[in-house]
Amino acid sequence: MTLISEVPFQPVGGQPGFDPAQLERFVHRARRRVAVLAYLRGDGRPHQVPIWYTYQAGTFWMSTVTGSPKHRALLRDPRVSLTIQDEAPPYRAVILEGVVELSPLEHADDPTAGVAVRYFGRVAANEYDKLTAELYATSGLTLMALTPTAVRGFDNRKALSKPVHAFVRLRERLPIPRTWL
């Protein structure tokens, strides 16, 4: 078992990289960052989809409907890229590359259990579960496990002084046009 922070990290575009402990916290399952999974379609064109994930001890766990276009594409070519990013300034992102391992999702030992509650909260997760129950029962789910072989990204929080970082965060909430600041 290799933690993500033990995989060599490469900063992107001359921006500051993550410290190992910060990297682990950034991708940890307590956060609600939606990731973007990139893979190759059957005809070789790249494709991206937003996806929920959980992270445990160096592995990113996701699921997909069995027989879906994503599932079929990953059966043909399991190479993927997974991007996890902040949506607020000063921006941070991690880009993970590797090969996903696919297996039938067994509910007794599901590392993605509770992911809807994590992203939606209990009330909305109940509605989401009702919406997807028939499809999941009919088609089944496939578990995707990604243990990254390459990790790139940037942590722009390290590029700014604490006062400027605070200002950038505050700027988003001010009731004046941001172009003025």
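Values for this structure:
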read-out: Antiparallel bridges, percent of DSSP beta bridges restricted to segment 1-151 (to nearest 5); value: 95
read-out: Heavy-atom accessible surface of the chain: percent carbon and sulfur, 1.4 Å; value: 56
read-out: Amide H contacts of T149 (H built 1.01 Å from N, under 5 Å, at least 5 apart or other chain); value: E97, G98, V99
read-out: Karplus-derived HN-Hα couplings along segment 120-135 (A = 6.51, B = -1.76, C = 1.60, θ = phi - 60°), whole Hz, x at Gly and Pro; value: 9, x, 4, 5, 5, 5, 4, 5, 4, 4, 5, 5, 9, 4, 5, 4
read-out: Segment 61-129 - charge dipole about Cα centre, Lys and Arg +1 at Cβ, Asp and Glu -1, debye rounded to 20; value: 200
read-out: Accessible area (Å², per residue) of the chain, counting only protein heavy atoms and a probe of 1.4 Å; value: 59
read-out: From the coordinates shown, Cα extents along the principal axes in Å corresponds to which of (1) 53, 38, 33; (2) 40, 38, 34; (3) 86, 32, 30; value: (1)
read-out: J(HN,Hα) series, segment 62-68, from Karplus relation 6.51 cos²θ - 1.76 cosθ + 1.60, nearest Hz, glycine and proline x; value: 9, 9, 8, 5, 5, x, 5
read-out: Charge dipole (debye, nearest 20) of segment 15-69; +1 at Cβ of Lys and Arg, -1 at Cβ of Asp and Glu; value: 180
read-out: Contact order relative to length of segment 43-181, as percent, for alpha carbon pairs under 8 angstrom and 6 or more apart; value: 33
read-out: About the Cα centre, charge dipole magnitude for the chain (Lys/Arg +1, Asp/Glu -1 at Cβ), debye; value: 820
read-out: Selection from Q56, L105, A88 lying farthest towards where the dipole of segment 8-123 points positive, charges on Cβ; value: A88
read-out: Listed residues I176, L40, P16: farthest to the positive end of the dipole of the chain (Cβ charges); value: I176
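The values are calculated or read from the model by the stated rules, or taken from the named source; none is laboratory data. Note that the structure is a prediction, hence the values are computed from the model and not measured. Heads up, the Cβs are rebuilt from the backbone with ideal geometry, glycines too, and the neighbour counts pull from every protein chain shown. All accessible areas refer to the heavy atoms of the entire protein, side chains included, with ligands and DNA or RNA removed. Shrake-Rupley method; radii C 1.70, N 1.55, O 1.52, S 1.80 Å.
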